[in-house]
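Written below as structure tokens is the structure these notes are about.
The values are calculated or read from the model by the stated rules, or taken from the named source; none is laboratory data. Because the structure is a prediction, the values reported are computed rather than measured. Glycine also receives a Cβ, built like all others from the backbone with ideal geometry; neighbour counts cover every protein chain displayed. SASA here: full protein model, heavy atoms, side chains in, ligands and nucleic acids out. Shrake-Rupley method; radii C 1.70, N 1.55, O 1.52, S 1.80 Å.
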Amino acid sequence: MEQRLEHATDALNALIEKRGNNFYPQFHLAAPAGWLNDPNGLIYHDGLYHAFYQHHPYSEDWGPMHWGHATSKDMVHWEHQPIALAPGDEFDKSGCFSGSAVSHEGKLYLFYTGHIWLGEEGDDSQVYESQCIAISEDGIHFEKKGTILQPPKGYMHFRDPKVWYQDGKWWMVVGARDEKDQGQVLLFSSETLFEEGQEWSNEYKVLGKTDDKNVFMWECPDFFPISHDNDFAIVFSPQGKRVEGYQYRNLFQTGSLIGKWSPKQSFDLHGDFIELDNGHDYYAPQSFETADGRRVSMGWMDMWNSPMPSKQEFWAGSFTLPREITFDKVKNRLRMVPIKEVEVLRQNKQTIEPTTLNHQSIKLMDDTPALELNLTLSLDSKAEKFGVWLGKGLEIFVDNQSNRLVINRHYPQYDISGSRSAPLPEGYKIELRIFIDSSSVEIFVNQGDLVFSTRYYADKDDRSLHLFAMGGDAQILAGEYWTLKSIY
């Protein structure tokens with residue numbers, strides 16, 4: 001693998017020399033150049049946070065998957081590390097697909113899917129996928145140990161292992177697609193994490209399975225406790241789900257199911273699938289436990305088969321901000337808010353005084369840098385729509401006619417146009433916490449009631465920031481904003 005890693009590093013360095021910065025993030029983790037998608041192997045190990053990711057270092061397009069790598073002391077400031085994994089061995093010759101990491105007895109273990117095209121490259125009807133392992137003594141350089149779990153009979157699509165330890169055993173969930181083209185998650189266990197020359201048994205239980213005949217795959221499963229009472233969440237990305245009104249407008253979605261589980265009982269579901277993020281660009285999140293016991297998640301802030309104008313700058317793909325996950329037992333759902341550590345980026349605070357907008361707009365900035373904007377808006381306002389304009393192409397607003405919160409983007413020069421929305425939360429006001437980066441917006445509503453993640457691609461002269469109201473009065477109850485320092 002060493003020679004392949006050297007070639008990949010040389011290719012990446014050549015792209016870095018050409019990389020543009022108009023859309024490159026200031027405070028989100030992205031690859032130094034080339035392609036990035038799913039977060040992999042998020043872990044706290046030996047005093048550092050590690051974030052791996054699906055990476056193609058040879059170009060800005062998806063290709064044979066490597067594992068990129070970055071480390072951080074605070075989950076905010078990241079340092080790029082050498083590429084961790086390169087495909088090409090017999091068990092992963094077509095790609096090192098997504099997976100997870102385990103910190104155990106001083107070593108860092110990477111679990112990943114070895115992907116092999118059996119026919120033409122890109123032909124998903126002929127693949128072989130098994131779960132593989134690589135081990136590191138120093139957290140930087142990894143030695144592959146080969147396959148540890150073969151696909152059970154009847155499964156060809158079988159990928160994205162998530163591994164954890166509980167009740168004296170090691171457990172693994174894997175996303176799968178059976179012979180009937182139905183998406184599901186399989187659960188495996190082992191007495192040992194890894195022993196040279198031995199594999200895990202491929203005896204399994206179906207942890208969860210689709211009841212939607214259109215859903216052909218559950219990708220990137222994540223399974224974790226959310227209470228001390230055996231409440232667990234399974235987070236996954238179903239493929240094939242059809243549009244239902246305002247819902248499921250992206251090509252693929254990501255959401256959660258809540259239930260009770262222990263090693264002595266099956267996963268007893270309580271409630272329905274709920275999307276975690278209502279924006280245009282969110283997929284394949286993975287979670288990990290912080291040094292102080294919080295559950296934190298990061299996702300891929302892009303979407304398959306969508307235009308990616310950053311490719312003209314020789315890079316593609318970004319992570320979301322790290323988000324703390326909590327369980328809302330009353331609503332039986334997960335909530336996500338930015339980790340508290342992101343506040344270290346704040347500088348130059350400005351206050352927005354309470355005001356009423358009447359068929360008008362107020363300019364906050366001529367040119368929006370990296371920014372955090374907090375707004376409290378009255379839902380008793382009579383305006384037809386009111387909220388925030390970012391240049392001419394992006395608007396975030398309350399739509400009083402449909403009773404929804406909407407994010408709308410329009411960049412015809414890049415063939416990007418469309419809106420996403422969700423019902424307004426109950427109450428007399430709505431609190432918006434908005435993070436604006438060079439080509440992304442993340443919106444957190446009422447401390448995690450709703451979340452929207454969307455990429456935008458404004459020209460440099462189209463990044464002014466306004467508050468607005470149309471068709472009546474709107475009350476701004478409170479507001480403040482900060483410019484944010486770069487994490488690099």
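Things to note:
- Among residues that are open to solvent by 40 Å² or more (accessible area, probe 1.4 Å), outside the structural domain of G245 (by the TED database) and at pLDDT below 95, E431 is not included.
- With respect to (1) open to solvent by 30 Å² or more (accessible area, probe 1.4 Å); (2) at pLDDT 95 or above; (3) in contact with a strand residue (DSSP E or B) (Cβ under 9 Å, 6 or more places away or on another chain), the lone exception for I258 is condition (1).
- Whichever residue in region 391-448 is free of Cβ contacts under 8 Å to residues at least 40 places away in the same chain, assigned to a strand (DSSP E or B) and among the hydroxyl-bearing types (S, T, Y) and, among such residues, is nearest to T326 (Cα to Cα): S419
- For S94, the stated conditions do not hold, so it cannot be described as surrounded by 14 or more Cβ atoms within 10 Å (Cβ to Cβ), under 28 Å from F223 (Cβ atoms) and touching a Lys or Arg at 6+ places or on another chain (Cβ under 6 Å).
- Candidates are the residues of region 368-381 that are closer than 14 Å to E480 by Cα and not hydrophobic (A, V, I, L, M, F, W, C); the one that is least open to solvent (accessible area, probe 1.4 Å) is E372.
- In region 276-312, the residues that are surrounded by 20 or more Cβ atoms within 10 Å (Cβ to Cβ) and outside any strand (DSSP E or B): L276, D277, N278, G279, H280, D281, Y282, M301, D302, M303, M308, S310
- Residue tally, condition more than 19 Å from L186 (Cβ to Cβ) and modelled with pLDDT of 95 or more, over region 121-139: 6
- Yes/no for E384 being charged (D, E, K, R), open to solvent by less than 10 Å² (accessible area, probe 1.4 Å) and not assigned by the TED database to the domain that holds H270: no
- Hits in region 97-114 - residues which are more than 24 Å from H80 (Cβ to Cβ) and open to solvent by less than 10 Å² (accessible area, probe 1.4 Å): G114
- Test: residue in region 403-423 that is among the small types (G, A, S), farther than 18 Å from R249 by Cβ and surrounded by 15 or more Cβ atoms within 10 Å (Cβ to Cβ): no
- Answer residue from region 206-230, given it is open to solvent by 60 Å² or more (accessible area, probe 1.4 Å) and closer than 11 Å to W261 by Cα and is nearest to the chain's Cα centre (by Cα) among those: P225
- Leading residue by the ranking (farthest from T210 (Cα to Cα)) among those in region 262-275 that are surrounded by 14 or more Cβ atoms within 10 Å (Cβ to Cβ) and without any contact (Cβ under 8 Å) to a residue 40 or more places away in the chain: E275
- Selection status of G139, assigned by the TED database to the domain that holds D212, crowded, with 24+ Cβ neighbours inside 10 Å and touching a Ser or Thr at 6+ places or on another chain (Cβ under 9 Å): no
- Residues satisfying the stated conditions in region 151-182, i.e. aromatic (F, W, Y) and surrounded by 14 or more Cβ atoms within 10 Å (Cβ to Cβ): Y155, F158, W164, W170, W171
- Number of residues in region 231-244 that are more than 21 Å from W300 (Cα to Cα) and crowded, with 18+ Cβ neighbours inside 10 Å equals 1.
- Scanning region 342-367 for residues that are within 29 Å of K485 (Cβ to Cβ), open to solvent by 40 Å² or more (accessible area, probe 1.4 Å) and not in a strand (DSSP E or B) turns up E343, V344, E353, P354, D366, D367.
- Output for region 119-168, where each listed residue is aliphatic (A, V, I, L, M), part of a loop (DSSP other than H, G, I, E, B) and closer than 28 Å to L48 by Cβ: I140
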